[in-house]
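Single-structure report; data block below.
The values are calculated or read from the model by the stated rules, or taken from the named source; none is laboratory data. From a predicted model like this one, the values you see are computed outputs, not experimental measurements. As a convention, Cβ positions derive from the backbone with ideal geometry for all residues, glycine included, and neighbour counts pool all protein chains shown. We work out accessible area using only protein heavy atoms, side chains counted, and drop any ligands, DNA or RNA first. Shrake-Rupley method; radii C 1.70, N 1.55, O 1.52, S 1.80 Å.
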Protein chains: 2
Amino acid sequence: MEFQELIRKRYSVRVYAPRPVEEEKLARVLEAARLTPTACNLQPFRIVVLQTKGREDELRRIYGREWFVQAPLVLAICALTAESWVRKYDGWNSAEVDATIAMDHLILAAAEEGLGTCWIAAFNPAAAREILGLPADVVPVAFTPLGYPADSPSPKKRRPTTDLVRRDRW
Amino acid sequence: MEFQELIRKRYSVRVYAPRPVEEEKLARVLEAARLTPTACNLQPFRIVVLQTKGREDELRRIYGREWFVQAPLVLAICALTAESWVRKYDGWNSAEVDATIAMDHLILAAAEEGLGTCWIAAFNPAAAREILGLPADVVPVAFTPLGYPADSPSPKKRRPTTDLVRRDRW
């Protein structure tokens, strides 16, 4: 669908149907993340695809809401801080931004497939590190369930453009 | 167009035509950013729309490549670190991620309009702060020109999915 329609259709899904995600749909979602533009094309992110079945208790330690483990899959987007671009002026590291772009591609591609996601930043980072087995220089940036929605979107509430956009200077 | 087509079509434009951007196209690009999902819907980002004409020397201090000021517009995406969500576990601040999602929406919406962008992280942060007049708690996250492309895309080079995706744990 048109991009303007897609971003209106995407919403944070918090009830998931007990229905598996087809491998070909998952593949297209991951392919969208793979095509992410990253600083100097270094692609300093990795996606961990987790099956929820049988791991519910463990995953609930990462994020406690019941719907988190209701979807068949949970995806973790991780940033590789040791493989990313660093800005010479101030040492700023691009890894988190690069991983965020991948996550955005992923949730939008999922919406186009009719799949639901919910961008979760409020996870427990220590539990995530332990359960995923992350090395010290790998930062978990976001989690999302991936599955078929079983709820309905609410109307989007956003500030008006005049609040968000300035002209010519701050 | 379909999202999978859109992300293949988008590329980093580094030559711009001397052609103005229609106000209605700019409005749709900014509207896509406005609809960005952000942590707790706090929308802690602002977009500064800069006319390049007459400000070339000043803008070149932010980013020195000639094509940066070739487009009629430059957009700056800024994160409001004092108005963003903070994770209770570790004090992580969502502002940069939220601003990044807005930037991703913006460049994809621009591509759908036939407009070119180039995500620039390699700007001079001190010059950006001075020239835009940013308060201390406002962080410039990315810049992009916005205009009509006058170059052609190269084929995208990306690592294979097997490099980027892991199953069940790190």
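Screening the candidates A:71, A:82 for the property of being open to solvent by less than 10 Å² (accessible area, probe 1.4 Å), more than 10 Å from chain B (Cβ to nearest Cβ) and in a loop (DSSP other than H, G, I, E, B) yields one hit, A:71. Among the residues of the stretch B:16-30, those that are among the hydrophobic types (A, V, I, L, M, F, W, C) and either modelled with pLDDT under 95 or buried (at least 16 other Cβ atoms within 10 Å of the Cβ) (or both) comprise B:21, B:26, B:29, B:30. Cβ-Cβ distances below 6 Å connect the following pairs, each with a first residue in the stretch A:7-36 that is more than 7 Å from chain B (Cβ to nearest Cβ), a second residue that is among the polar types (S, T, N, Q) and crowded, with 17+ Cβ neighbours inside 10 Å, and a separation of six or more residues or different chains: A:16/A:70. Set side by side, the residues B:140, B:145, B:153, B:149 differ, and just one is at pLDDT 95 or above, more than 9 Å from every other protein chain (Cβ to nearest Cβ), closer than 30 Å to residue B:54 by Cα and in contact with a Gly (Cβ under 6 Å, 6 or more places away or on another chain), which is B:149. In this structure, does residue A:68 turn out to be among the aromatic types (Phe, Trp, Tyr) and farther than 14 Å from residue A:106 by Cα? So residue A:68 fits the description; yes.
Specify which of the listed residues (A:112, A:66) is more than 11 Å from the chain's Cα centre (by Cα), closer than 23 Å to residue B:3 by Cα and open to solvent by 30 Å² or more (accessible area, probe 1.4 Å).
A:112
Based on this model, can you work out whether residue B:108 counts as of a type outside the set (S, T, N, Q) and facing chain A (nearest Cβ under 7 Å)? Yes: the conditions hold for residue B:108. Out of the residues in the stretch B:42-56 meeting the condition of being of a type outside the set (A, V, I, L, M, F, W, C) and over 30 Å from residue A:114 (Cα atoms), tell me which one is farthest from the other protein chains (Cβ to nearest Cβ). The extreme case among them is B:56.
In this structure, residue B:144 does not qualify as among the hydroxyl-bearing types (Ser, Thr, Tyr) and assigned to a helix (DSSP H, G or I).
The condition of being without any contact (Cβ under 8 Å) to a residue 60 or more places away in the chain and either within 11 Å of chain A (Cβ to nearest Cβ) or open to solvent by less than 20 Å² (accessible area, probe 1.4 Å) (or both) holds for residue B:39. If you go through the stretch A:92-105 one residue at a time, do you hit one that is open to solvent by 10 Å² or more (accessible area, probe 1.4 Å) and more than 7 Å from every other protein chain (Cβ to nearest Cβ)? Checking the stretch A:92-105: at least one residue is open to solvent by 10 Å² or more (accessible area, probe 1.4 Å) and more than 7 Å from every other protein chain (Cβ to nearest Cβ). A Cβ distance below 7 Å, combined with a sequence gap of six or more or placement on separate chains, defines the contacts here; from the stretch A:113-129, residues that are more than 9 Å from chain B (Cβ to nearest Cβ) reach residues that are in a loop (DSSP other than H, G, I, E, B) and open to solvent by less than 10 Å² (accessible area, probe 1.4 Å) in the pairs A:116/A:13; A:117/A:13; A:118/A:13. Looking at residue A:59, is it in contact with a Phe, Trp or Tyr (Cβ under 8 Å, 6 or more places away or on another chain), at the interface with chain B (Cβ under 10 Å from one of its Cβ atoms), touching a residue at least 60 places away in the same chain (Cβ under 8 Å) and not in a strand (DSSP E or B)? Here the answer is no, as residue A:59 does not meet what is asked.
I'd like the full set of residues that are part of a helix (DSSP H, G or I) and over 18 Å from residue B:97 (Cβ atoms), limited to the stretch A:85-109. Spell out how you get there, then give the answer.
Within the stretch A:85-109, the first condition is being part of a helix (DSSP H, G or I), and the residues that meet it are A:95-109.
Listed by number, the list holds a single entry, A:109.
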